[in-house]
Amino acid sequence: MHFEDDALVRAFDLTEGYPYFVQELGYQVWAVADGDTITLEDVEDAKDAYEAKLDSSFFRVRLDRATQLQIAYVRAMAQLGPDSQKAADVAAVMGRESTQLAPTRSELINMGLLYTPAHGYAGFTVPHFDRFMLRAVPHLDVPPVQKRRTKPKKAE
């Protein structure tokens, strides 16, 4: 099997070299390729099936564990772009204060969806999660603020 140079460049652009993504793209390219040379056209022809497979399994499984507020948080991050985002900027997109969303951000970190590369910033733990979020959740829907539950006072 031989890969044309432009096919390899495009495959790397699509996967960013992330091992599982390379494997999945390779599988999809193999399914559409004719002959023993992988062309740029083969990679382009496999792109939609590659993204659909990642969306339906790799990415979806991560999102299915999230609450409505957590989904809104990562969707707001995706709206800001693929790079690490400042907590205050994400909160502003959501119309909230960053202190209101600190527990949500912490939950997403504990779930393995986000990591903290620097104080006050969070980034997605896998490449292209921002693109998935924009496809899976086309419109940001921020749930209303819920008041904290208070313990009832004891009768004296």
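Measuring how big the chain is from its alpha-carbon positions, Rg and Dmax come out at 20.0, 85 Å. Probing with 1.4 Å while keeping every protein chain in the model, the per residue accessible area of segment 1-96 equals 55 Å².
Is the shape of segment 12-71 best called rounded, prolate or oblate, per the rule: a/c under 1.5 gives rounded, else a/b larger than b/c gives prolate, else oblate, with a ≥ b ≥ c the square roots of the Cα gyration tensor eigenvalues? Prolate, because a/c is 1.5 or more and a/b exceeds b/c. The Cα center of segment 1-26 and the Cα center of segment 63-118 differ in position by 30 Å.
When the chain is treated as a GNM with alpha-carbon contacts under 10 Å, the residue of Met94, Met133, Met111 showing the greatest mean-square fluctuation is Met111. Using C-alpha pairs below 8 Å separated by at least 6 residues, the relative contact order for the chain is 20 percent.
Shape class for segment 46-90, computed from the alpha carbon gyration tensor (a ≥ b ≥ c): oblate, with a/c not under 1.5 and a/b at or below b/c. Assuming a ≥ b ≥ c are the square roots of the Cα gyration tensor eigenvalues, decide whether segment 60-124 counts as rounded (a/c under 1.5), prolate (otherwise, with a/b larger than b/c) or oblate. Here segment 60-124 falls in the rounded category.
Using the rule -39500 (n - 2.57) for each DSSP H run of four or more residues, divided by the residues of the chain, the 222 nm mean residue ellipticity is -16500 deg cm²/dmol. GNM on the chain, C-alpha springs below 10 Å: top fluctuator among Phe12, Phe58, Phe132? Result for the chain, Cα springs under 10 Å: Phe12 fluctuates most.
Under 13 Å from a label point set 7 Å out along the Cα-to-Cβ vector of Tyr18, the amide N atoms of segment 39-76 belong to 51-63.
The values are calculated or read from the model by the stated rules, or taken from the named source; none is laboratory data. Note that this is a predicted model, so its numbers are computed, not measured. Cβ sites come from the backbone with ideal geometry, for glycine too, and all protein chains shown count toward neighbours. Just the protein is used for accessible areas: all its heavy atoms, side chains included, with ligands, DNA and RNA removed. Shrake-Rupley method; radii C 1.70, N 1.55, O 1.52, S 1.80 Å.
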